[in-house]
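Novice: Take a look at this one; I'll ask things after.
The values are calculated or read from the model by the stated rules, or taken from the named source; none is laboratory data. Note that the coordinates shown come from a computational prediction; the quantities given were computed from them, not determined experimentally. Backbone-built Cβ (ideal geometry, glycine too); neighbour counts: all protein chains shown.
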């Protein structure tokens, strides 16, 4: 009689600090793929409590490292926020795009 033991590999990665850009909180959330590469995704949240909104964007490209996927996700999140701030700026005023701040 043979006893078959199944093993599962769990990939752990370091936690990434979210960025705050204006009223938006940007968090990269790379996830491991079965092939050993990483998919990039980013969460963009704003507001608090029942007035909060959040969106998650997932990207088609995959990356060889967790950090590369995180950098891509952060860049895409920052671009989205900057585009949103410019789009919603008052017509006669240039958008004041704040610098990203790392929240610890």
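Novice: I'd like to know if the range 86-98 contains one or more residues that are at pLDDT below 90 and outside any loop (DSSP other than H, G, I, E, B).
Specialist: yes
Novice: Which residue, of 81, 60, 42, is modelled with pLDDT of 90 or more and surrounded by fewer than 16 Cβ atoms within 10 Å (Cβ to Cβ)?
Specialist: 60
Novice: Which count do you get for residues in the range 21-39 that are assigned to a strand (DSSP E or B) and surrounded by fewer than 16 Cβ atoms within 10 Å (Cβ to Cβ)?
Specialist: Residues that pass the stated criteria total 1.
Novice: To continue, here is another question. Given the criteria part of a loop (DSSP other than H, G, I, E, B) and either at pLDDT 95 or above or touching a helix residue (DSSP H, G or I) at 6+ places or on another chain (Cβ under 8 Å) (or both), does residue 8 qualify?
Specialist: No.
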